[in-house]
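Q: I'd like to ask you about the structure that follows.
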Amino acid sequence: MPLLPHQNDLFPPDLLDAPALRAGEDSRWVAFYTLSRREKDLMRKLEAGSIPFYGPLVRRRLRAAGGRTRSSYVPLFPGYVFSLVDDDARREALATNTISRWLPVSDPERLVADLRNIHQLIASDRPLTPEARLEPGQPVRVRSGALAGLEGVVVKRKGEERLVIAVQFLNQGVSIELEDVDLERL
């Protein structure tokens, strides 16, 4: 079976740029929890219906038979697609038969800030490691380079210093390996 090409994981492309202007009285951020392995299907249907969403996808390299390497794009947060919807758009999304349940977001500003950070990390095209649960640690800010200004928490994993950028709503995040010199304490 051929691997699907990379698809849009953010619609419209400027969704995370001006969240205060986008969220109105009628619309709110929700997290759609999909049926098993239906995240991309939901994103295609939301885009076709012009419903704003973000479902972060990251590249995963697979070694196939014969030694060939293939790449595929997998959800960073399996089962979750975030969307800015009003009641009509939410009902349209639920009618796609790809959603198990939906969760209202209690702190949309924090969610959008977290998703913006995740989007910037993915755009840096550096290897990311999904983190299932957040660990307590020192809050830091990246002081230089392409990721300057990002804030996160440092965790120790197998002797490596890693910066974790978290989506607090899900209590999950991603980590990236950085040098101590690139970080400053908050």
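Q: With label points built 7 Å along Cα→Cβ from the Cα atoms of Ala123 and Tyr33, find their separation and express it in nm.
A: Once both label points are built, they end up 3.1 nm from each other.
Q: Need the full-extension length gain, Ser144 to Ser72, defined as separation in residues times 0.36 nm minus the C-alpha distance. One decimal, nm.
A: Working: separation 72, 0.36 × 72 = 25.92 nm, distance 3.03 nm.
Result for the pair: 22.9 nm of gain on full extension.
Q: Sticking with this one: Highest mean first, how do 53-63, 81-91 rank when packing is the count of other Cβ atoms within 10 Å averaged over residues?
A: On the way: 53-63: 17.0, 81-91: 18.9.
The peptides rank, most packed first, as 81-91, 53-63.
Q: Calculate the spin-label point distance for Asp26 paired with Leu186, positioning each point 7 Å from the Cα along the beta-carbon direction, and give it in nanometres.
A: My value for the distance between the label points is 3.6 nm.
Q: Let me ask another. Using 0.36 nm per residue, how much length does the chain from Arg44 to Glu92 gain when fully extended, once their Cα-Cα distance is taken away?
A: Length difference between fully extended and current span is 16.0 nm.
Q: Something else about it: With labels modelled as points extended 7 Å from the Cα through the Cβ direction, what inter-label distance (nm, one decimal) is found for Leu62 paired with Arg116?
A: 3.5 nm
Values quoted throughout were computed directly from the atomic coordinates according to the rules given, and no laboratory measurement underlies them. Remember, it's a predicted structure, so these values are computed and weren't measured experimentally. Cβ atoms come from the backbone with ideal geometry, glycine included; neighbour counts cover every protein chain shown.
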